[in-house]
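**Q** Please see the structure below; I have some questions.
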Amino acid sequence: MIRALLLRLSHMLLVLLGIVFLSFVMMDFAPGDFLSQMALNPQISPRVIASLKEQYGLGLPFFTQFVHWMRALLHGNLGYSFSYHVPVSDLIAQRVPMTLLLTVTAVLVSWGAALPLAVFGARREGGLFDRTLLSFSYLSISVPSFFLALLGLLLAEKTGWFPIGGARSALSSGAGSGERLLDLVRHLLLPSLTLALGSFGVLYRLMRSSVLEVLSQPFMTAARGLGLRERVIFWRYLFRNAVNPLVTLFGMELGGLLSGAAFTEMIFGWPGMGRLMLHAVMTRDLYLVMGGVLMGAVLLLLGNLLADMMLYLLDPRVRERT
Amino acid sequence: MGPRLILMVLLLLVPACSRGGAGGTDRVFSLVPRPSPLHGRLTFDILSDPKTFNPALAQETTSTQVLGYLFRGLTRVSPYDGQIKPDLAEGWKIDASGMRVTFTLEKGVRWSDGTPLTARDVVFTFNRIYYNPAVAAAVRDILMVDGKPFTVRAIDDRTVIFETAKPFAPLLEELGVEILPEHLLSKAVDAGRFNTTWSVRTPPSGIVGTGPFLLKRYVPGQYLLLVRNPLYTPPRGLKQPIPADLPYLDRVFLRIIPNQNSELLRFLAGKSDLIGVSPSQVPVLTDAAASRAFRLLVRGPSQTETFLTFNENLKAPIPSYKVTWFRSRRFRQAIAYAIDRNALINVIYNGLGAPIPGPVSPANKIFFDPAVHRYHHDPDRSRTLLAEDGFVRKKGRLYDASGHRVTILLMTNTESPERISMAQMIQAMLAPLGIRVRVVPLQFNMLSTMVLSSHQWEMLLFGLTGTLDPHGNATVWRSSGFLHLWNPGEKSPSTPWEAQVDRLFDQGVATFDVGRRKKIYDQWQEIATREVPMVDLVSPDAITAVRETLGGIHPTPLGGVIPHISLVTQKARLVIR
C-alpha cells in the first residue's frame with residue numbers, strides 16, 4: 001500500500017510538471033503578451049513598451065523564462081502579477097477561501113440531496129416521486145448554469161428576498177459577528193444553490209441507475225433470501241456497491257472546486273478565483289495564470305488520489321489487485 | 001410526465017420574464033427628503049477590482065477612476081468646455097519662448113496625513129518617479145518632448161519651473177498627472193521597491209493623497225469605501241452651489257460587480273445610485289424610470305469612435321494592385337460615401353449615437369472643426385468616383401482597370417460584438433458597388449500583430465482612445481508615428497498631404513495660443529476629411545441613469561457622469577416598500 005502510494009505520488013509529480021510545462025508553452029504560443037494591449041494605445045510608445053517588457057522579463061527566451069519560474073517555484077515563490085504588482089500567492093490566498101466556501105457548500109448540497117433522493121427514487125422505480133425527480137434532473141442538466149444564475153438574479157430583484165450579487169452587504173463596522181455571518185449566508189444562498197442544481201441532475205441520474213443495477217444483482221436476492229436485516233442489506237450490499245462509480249466522479253469534483261464556479265462567480269459577483277483567473281487569462285497576466293493552473297492541477301491530482309484511496313477502502317476487488 | 005413538467009416550469013417562468021428586466025411594479029420606490037443635502041452617501045458599481053493604488057503604475061480604467069478621487073495634479077481639464085484649469089497649482093506663467101512654464105502652488109494644501117504639499121513633492125514626482133527608468137510608468141511618454149523629459153526644479157516651497165527642449169503646448173494638459181508625496185515614497189524609490197509600493201495589499205490608511213476622498217476600506221472582489229478628506233482644499237474657480245466645505249458627501253461606496261446584467265439589476269432594485277447605460281439597454285430603462293425614481297441623461301456623442309482604414313503600405317505582403325486601390329483618394333472617398341452612418345447608428349446603437357465626420361469628435365468643444373467635409377450616404381457619388389478611377393462594373397461585380405476583381409478582407413477584433421456587426425453592415429453596404437468584402441474577426445492580440453508587425457491586412461475596422469488635445473493624435477497622424485496605421489513608420493512622408501499634416505502637427509505642438517492652435521488643427525481636420533486615410537464612422541451617445549436622490553450631477557460628454565465628485569450631494573433617501 002505504502003509503496004503503491006509513493007509510486008502514485010511520483011507519477012503525480014511528473015504529470016504536474018507536464019501540465020505546468022504545457023500551460024507555459026501554450027501561454028507562450030498564443031499571440032501577444034501582457035503588454036500587447038498597450039501596442040495600439042496612441043499615448044504609449046513602443047520604446048516604453050520595450051522597457052516595460054524588459055522589467056517584466058517578457059523579452060527573455062521562452063526556456064529561460066520557464067526555468068526562472070520553476071526555480072522560484074521550488075523556493076515556494078509563485079512570482080509577481082503584472083497587473084497587480086503583488087505576489088501571485090497573495091492574490092490567490094485572498095480568493096481561495098471565498099471560492100471554497102461557495103463550491104464546498106454547493107458540493108455538500110448537491111451530493112447530500114442527490115444520493116439519498118436517488119436511492120429513495122430508485123427503490124420505488126417508476127413512482128410519481130421518481131418520475132418527478134427524473135424530469136427535474138433533466139431540467140437541471142439541460143439548463144446552462146449561467147442562465148440559471150441570471151434567473152436567480154431576476155428572482156432576487158423581483159422579490160427582494162435575496163441580495164443581488166456580491167458576498168457582503170455594506171454593513172456598518174458596528175455589526176456583530178452573528179449579523180455578519182447571517183449576511184454572508186444570505187449572499188451565499190443563491191450562487192451555491194445555482195451551482196448545486198447544476199450538478200444535482202447528473203448525480204441523481206448516475207446514482208439512480210447505479211442503484212437500479214445493484215438492485216437487480218443476484219447477490220441482492222441472495223442477501224434477502226438469507227434473511228439479513230434491511231439495514232445491513234442497505235449499507236453493506238446496496239449503498240456500497242452503488243456508490244462505487246460515483247467515487248471517481250467525486251475525485252473530479254474536487255479538481256473543479258477552484259475553477260468550476262467561474263461563470264457563477266462572474267454573474268453573482270462572488271469574489272472568488274474564477275473571476276481572478278478569467279481576468280488574468282484575458283489580460284495575459286502570465287504568472288497569475290500559471291499560479292492558478294498550478295493550484296487547479298494540484299487539486300485535481302489530489303482529488304483523483306483521494307478517490308482512488310476511497311475506492312481502495314470501499315472495494316475489496318481494488319484492494320486485491322494492489 | 002417529463003415533457004409536461006418542463007412545460008409547466010417554463011410557464012411559471014414566463015410571467016416573470018415577460019415583464020422584462022425592468023421588473024414589476026410590485027415594489028414602490030419613494031423619496032424622503034433629507035434635512036440637509038450634505039453628509040450623504042453615493043453608491044455605484046464598478047466592473048472590476050482596482051489593480052493598484054499607485055497612480056504612477058495604474059494603467060486600466062478602474063484603477064485610474066478610483067485614484068482620480070484620491071489624487072490630484074497641477075492642472076485639470078474643465079469637464080464643461082475642455083479648458084485647462086488650475087488644480088493643485090493656483091496659476092502659471094508661460095514665458096515668451098514658450099519653453100519655460102512657472103507654476104505657483106495653491107496655498108495651504110496638505111496631504112491627507114497633514115503634511116503640507118510643497119514644490120519638493122512636485123519635483124520628486126517627476127524626477128524620481130515618472131522619469132525613473134526603474135518605474136513601470138506607462139504615462140512617461142506623454143511627459144516628454146521628442147523623447148526628452150522636462151526639466152523640473154523648485155524655486156521655493158510654492159514655485160516650480162518646468163522647462164522643455166521645445167515649446168510644448170500640451171504641457172498644461174499633461175500636467176494633470178497625479179502628484180505624489182515625497183515624505184512617504186522617497187524611501188521606497190531609493191530602495192528600488194517603488195513598483196510594489198501602494199499595491200492593493202497596502203493598508204488603506206497608508207495611501208495618502210490630496211483628493212476630495214480617502215480610501216477607508218478595500219475588500220478584494222467586493223467593495224471599496226471612500227470617506228471625505230477633511231483636509232481637502234478645492235481648486236480655484238470651482239463654483240460651489242452650497243456654501244459648505246467640500247466635498248459635500250461623506251462617503252462613496254463602490255461595489256465591484258463583474259457583470260453588466262447584474263449591475264443593471266442592482267440599479268433597478270435601488271442598490272446603486274447611478275449606472276452607465278449602453279444604447280441597447282435604453283428601452284428597458286425608459287419604462288422603469290418613473291417607478292424606480294431615476295432619470296436617463298443622454299450626454300451626447302462619447303469619445304469612443306470607430307473608423308475604417310486601408311493598408312497603403314507599398315511593402316505590405318498583400319497583392320500590390322490592392323495597395324494601389326487603397327492609395328487612391330477617389331477609392332477611399334467612394335467607400336466613405338457608400339457607408340450609411342445613420343443605419344449603423346440605428347441598428348447598432350438603437351438610434352442613440354452620432355456620425356463622426358473627422359478625426360476630432362464633436363464632443364471636443366474646443367478643437368472640433370464644424371467646417372470639415374461630411375460624407376453623407378451617396379452611393380451614386382461612390383459609383384462616379386470609382387468610374388473616374390478606372391473601375392468597371394460587369395454583371396454586378398467591380399473590376400479595376402487591369403481586370404482584378406475588387407475583393408477586400410475587412411478585419412476587426414472579436415472582443416467587440418458591436419464592431420463585428422458594424423463590419424457585417426459595411427460588407428452589405430459595399431456589395432451594391434460590386435465590392436466583395438469578407439469580414440475577418442480576429443482576437444485583439446492577433447490583430448495588433450498583423451497590423452503593426454506583419455502588415456498583412458487590407459481594410460481594418462477599429463477604434464483608438466482619443467485625447468482632448470489634438471496633439472494626442474500625433475502618433476497616428478504624423479507620417480513617422482508608430483501608429484500611422486495605413487503606412488507605418490514612413491522615413492519621409494510618402495504623399496504631399498502627409499507632409500503637410502506633419503508640418504501642421506509641428507506647428508500645433510509649439511503654439512500656446514488656443515485660437516491660433518485651433519486654426520492649425522482645423523487645417524489638419526480638413527485634409528483628413530478630404531484624403532480620408534481613415535474613414536471616421538459613428539460614436540454612441542454616452543448615457544447615464546441617475547437616481548433622483550442625487551444632486552449636483554451635471555453630466556457632460558467630456559467629464560463623464562460626475563464632472564466634480566466633490567459637488568455631488570444626496571438630496572433624499574430612497575425608501576422601497
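The values are calculated or read from the model by the stated rules, or taken from the named source; none is laboratory data. Just so it is clear, the structure is predicted and the values come from calculations on it, not from any experiment. Note: ideal-geometry Cβ built from the backbone for every residue, glycine included; neighbour counts use all protein chains shown. Just so you know, the surface numbers come from the protein's heavy atoms only, side chains and all, with ligands and any DNA or RNA stripped out. Shrake-Rupley method; radii C 1.70, N 1.55, O 1.52, S 1.80 Å.
**Q** Quick check: Cα centre of the range B:434-468 to Cα centre of the range B:73-102, how many Å?
**A** Taking the Cα centre of the range B:73-102 as reference, the centre of the range B:434-468 is 37 Å away.
**Q** How much length is gained on full extension from A:Glu320 to A:Phe120, taking 0.36 nm per residue of separation minus their Cα-Cα distance? Spell out each step's value before the answer.
**A** Details: separation 200, 0.36 × 200 = 72.00 nm, distance 3.16 nm.
Net length gain for the segment: 68.8 nm.
**Q** Provide, as a two-decimal number, the C-alpha radius of gyration of the range B:305-540 over 2.2 N^0.38 Å, N being how many residues it has.
**A** Working: Rg = 17.2 Å, N = 236, 2.2 N^0.38 = 17.5 Å.
Against the compact-globule rule of thumb, the ratio is 0.98.
**Q** Rounded to the nearest 0.05, what FRET efficiency do B:Arg374 and B:Thr159 have when you use their Cβ-Cβ distance and R0 = 45 Å? Numbers along the way, then the final one.
**A** Numbers: r = 48 Å, r/R0 = 1.06.
Here the calculated transfer efficiency is 0.40.
**Q** Considering protein heavy atoms only and a 1.4 Å probe radius, which residues within the range B:239-263 exhibit an accessible-area decrease of no less than 30 Å² in the full assembly relative to the chain by itself?
**A** Those are B:Arg255, B:Pro258, B:Asn259, B:Ser262, which lose 30 Å² or more relative to the chain on its own.
**Q** While we're here: Enter the buried accessible area of the B/A pair, total of both sides, probe 1.4 Å, in Å² rounded to the nearest 100.
**A** Details: alone 25840 and 18560 Å², together 39000 Å².
Accessible area lost upon association: around 5400 Å².
**Q** Still on this structure, please answer the following. Per residue, how large is the accessible surface of the protein assembly as shown? Use a 1.4 angstrom probe and give square angstrom. Intermediate results must be reported in sequence, preceding the final value.
**A** On the way: 39000 Å² over 899 residues.
Ligands and nucleic acids excluded, the figure is 43 Å² per residue.
**Q** Can you list the trypsin sites (Lys or Arg not before Pro) in the range B:85-119 that are in a DSSP coil and have 12 or fewer other beta carbons within 10 angstrom? Intermediate results must be reported in sequence, preceding the final value.
**A** Details: sites: B:Lys93, B:Arg100, B:Lys107, B:Arg110; in loops: B:Lys107.
Within the range B:85-119, the qualifying trypsin sites (Lys or Arg not before Pro) (loop, at most 12 other Cβ atoms within 10 Å) are B:Lys107.
**Q** If you roll a 1.4 Å probe over the range A:16-137 with all protein chains in place, what percent of the accessible area is carbon or sulfur?
**A** Details: 3990 of 5640 Å².
Heavy-atom surface of the range A:16-137 belonging to carbon and sulfur, 1.4 Å probe: 71 percent.
**Q** Angle, helix A:286-314 long axis vs. longest principal axis of chain A, Cα atoms, 0 to 90°, nearest 10?
**A** 20
**Q** Next question. With label points built 7 Å along Cα→Cβ from the Cα atoms of B:Ala188 and B:Val123, find their separation and express it in nm.
**A** Placing both labels 7 Å along Cα→Cβ, they lie 2.2 nm apart.
**Q** Give the relative contact order (percent, whole number) for the range B:305-540; include only Cα pairs under 8 Å separated by 6+ residues.
**A** Working: 399 pairs, mean separation 76.0, N = 236.
Value for the range B:305-540: 32 percent.
**Q** Provide the gained length on full extension for the span A:Phe219 to A:Ser177, in nm with one decimal, where the gain is 0.36 nm per separating residue minus the Cα-Cα distance. Spell out each step's value before the answer.
**A** Numbers: separation 42, 0.36 × 42 = 15.12 nm, distance 5.37 nm.
Roughly 9.7 nm would be gained on extension.
**Q** Set the Förster distance to 45 Å, then compute FRET efficiency between B:Leu38 and A:Phe29 from the Cβ-Cβ distance, nearest 0.05. Let's see the in-between values first.
**A** Values: r = 57 Å, r/R0 = 1.28.
Computed FRET efficiency for B:Leu38 and A:Phe29 comes out at 0.20.
**Q** Can you list the residues of the range B:179-219 that have at least 10 square angstrom less accessible area with all protein chains present than in their chain by itself, probe 1.4 Å?
**A** When all protein chains are present, B:Asn195, B:Thr196, B:Ser199, B:Val200, B:Arg201, B:Arg217, B:Val219 each give up 10 Å² or more of accessible surface.
**Q** Normalising by the residue count of chain A, find the relative contact order in percent from Cα pairs under 8 Å and 6+ residues apart.
**A** Numbers: 328 pairs, mean separation 83.9, N = 322.
With pairs under 8 Å counted, the relative contact order is 26 percent.
**Q** Relative contact order for the range B:265-414: what is it in percent, counting Cα pairs under 8 Å that are at least 6 residues apart? Walk me through the numbers before you get to the answer.
**A** Details: 122 pairs, mean separation 29.3, N = 150.
For the range B:265-414, the relative contact order is 20 percent.
**Q** Using a 1.4 Å probe over the heavy atoms of the protein chains, calculate the carbon and sulfur portion of the accessible area of the range A:227-312 as a whole percent.
**A** Values: 2530 of 3500 Å².
Carbon with sulfur: 72 percent of the solvent-accessible area.
**Q** Still on this structure, I have one more. Among B:Lys315/B:Lys519; B:Lys51/B:Lys166; B:Lys491/B:Lys519; B:Lys93/B:Lys519, which pairs are too far apart, with a Cα-Cα distance over 25 Å? Could you put the intermediate results ahead of the total?
**A** On the way: B:Lys315/B:Lys519 35 Å; B:Lys51/B:Lys166 35 Å; B:Lys491/B:Lys519 27 Å; B:Lys93/B:Lys519 23 Å.
Distance filter (> 25 Å) returns B:Lys315/B:Lys519; B:Lys51/B:Lys166; B:Lys491/B:Lys519.
**Q** Then there is this: Evaluate the charge dipole of the protein assembly as shown about its Cα centre and quote only its size in Debye, nearest 20, assuming +1 on the Cβ of each Lys and Arg and -1 on the Cβ of each Asp and Glu.
**A** Numbers: 91 positive and 67 negative charges, 370 e Å.
The calculated dipole for the protein assembly as shown is roughly 1780 debye.
**Q** Working out 0.36 nm times the residue gap between B:Ser48 and B:Thr465, then minus their Cα-Cα distance, what length gain in nm do you get to one decimal? List each step's numbers first, then the result.
**A** Values: separation 417, 0.36 × 417 = 150.12 nm, distance 1.98 nm.
That works out to 148.1 nm of additional length.
**Q** Give me the Å³ per residue figure for the convex hull around the C-alpha atoms of chain B. Can you show the working numbers first?
**A** On the way: hull volume 108.6 nm³, N = 577.
About 188 Å³ per residue, rounded to a whole number.
**Q** Let me ask something additional. For chain B, with all protein chains present and a 1.4 Å probe, just round the carbon and sulfur fraction of the accessible area to a whole percent.
**A** On the way: 12580 of 23160 Å².
Result for chain B: 54 percent of the exposed heavy-atom area is carbon or sulfur.
**Q** Going by a 1.4 Å probe on protein heavy atoms, which residues of the range B:424-458 end up with at least 50 Å² less accessible surface in the whole assembly than in their chain alone?
**A** Residues losing area: B:Phe444, B:Asn445.
**Q** Let me have the 222 nm mean residue ellipticity of the protein assembly as shown computed from DSSP H runs of 4+ only, each contributing -39500 (n - 2.57), with the sum over all residues rounded to the nearest 500.
**A** Helices in the protein assembly as shown give a 222 nm mean residue ellipticity of -13500 deg cm²/dmol.
**Q** Whole Å is fine, so just give me how far the alpha carbon centre of the range A:31-88 lies from that of the range B:125-186.
**A** 26
**Q** Further question on the same structure: Among all the lysines, which ones have a C-alpha under 17 Å from B:Lys239's C-alpha, if same-chain residues fewer than 8 places away are not counted?
**A** Partners found: B:Lys85.
**Q** Right, another one. Express as a percent, rounded to the nearest 5, the fraction of DSSP beta bridges in chain B (both residues included) that run antiparallel. Working shown, then result.
**A** Values: 65 of 81 bridges.
Antiparallel bridges make up about 80 percent of those DSSP assigns within chain B.
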